[in-house]
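Heads up, the thing below is written out as structure tokens.
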Amino acid sequence: MGKITVTTCDIEGLKVIEPQVFGDSRGYFMETYNYNDFKEAGIDVQFVQDNQSMSTKGVLRGLHFQINFPQDKLVRVVNGEVFDVAVDLREGSETFGKWYGVLLSAENKKQFFIPKGFAHGFVVLSDMAEFAYKCSDFYHPNDEGGLKWNDPDIGIEWPIPADMELLLSDKDQKWGGIKEYKQK
């Protein structure tokens, strides 16, 4: 290994990855993904789709998951800064309903591995952010699920400044909480 540093999180399966960055006066180079390095670190996943989005300050996307076609995700920020969150929805998990958050930025170059069975979301803290992610299954538009971003039963501590105006999609404003999710 050696090309990446992997930190395990308080919730089993979640991992923060820091690539080795080679920099000099001209700029930098880093390998953002190498199957062999990730496999050695315990992330043996075949990714089938790459996505990228751009969002402005205050945009909150999430908390999303696919119901019947769950995805492993490897997420990172190419430009800007976001606070990224995963919520454990794995049936029988000791940490069901618990969340973990990490600051991802173009500057820190951290990546966040989120296995199947988690809801995922982020809020943009910089003026703009470009967010890139790999998925282990294809997106199925009729398979979307979600949770309310501010569900008090989950209790995510979003680092949202008091003067920041949040921007959510209509869909993200309508999701229910984790109690409704457990009843399904």
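Only the coordinates and a few stated rules stand behind these numbers; no lab work does. Note that this is a predicted model, so its numbers are computed, not measured. Positions of Cβ are backbone-derived with ideal geometry, glycine not excepted, and every protein chain shown enters the neighbour counts.
Phi angles across segment 19-35 convert, under the Karplus curve 6.51 cos²θ - 1.76 cosθ + 1.60 with θ = phi - 60°, into 3J(HN,Hα) values of x, 6, 10, 9, x, 8, 5, 7, x, 8, 9, 8, 8, 7, 7, 9, 3 Hz, Gly and Pro given as x.
Scoring 3-15, 65-77 by mean Cβ neighbours within 10 Å over their residues and listing the highest first yields 65-77, 3-15. Note on residue 57: aspartates and glutamates with a C-alpha under 16 Å away, same-chain residues under 8 apart excluded, are 81, 84, 127, 130, 163, 165. Working note: Karplus 6.51/-1.76/1.60 with θ = phi - 60° gives segment 87-99 the couplings 10, 6, 10, 6, 4, x, 6, 5, 10, 3, x, 7, 10 Hz, where Gly and Pro are set to x. If you model the chain as an ellipsoid using its alpha carbon gyration tensor, with each semi-axis the square root of five times an eigenvalue, the axes come out at 26, 21, 15 Å, biggest first.
From the Kirkwood radius over Cα pairs of segment 90-181, Stokes-Einstein at 37 °C and 0.692 mPa s returns a whole-number translational diffusion coefficient of 214 µm²/s. Whole-Hz Karplus values for segment 66-73 come out as 9, 7, 9, 10, x, 10, 7, 10 Hz, taken residue by residue from phi with 6.51 cos²θ - 1.76 cosθ + 1.60 and θ = phi - 60°; glycine and proline positions read x.
For the chain, averaging the sequence separation of C-alpha pairs within contact (under 8 Å, six or more residues apart) and dividing by the residue count gives a relative contact order of 27 percent. Peptide packing: for 136-148, 24-36, the average count of neighbouring Cβ atoms within 10 Å per residue gives the ranking 136-148, 24-36, highest mean first.
Residues whose amide H comes within less than 5 Å of that of residue 57, counting only those at least five positions distant or on another chain, are 128 (H built at 1.01 Å from N in the peptide plane).
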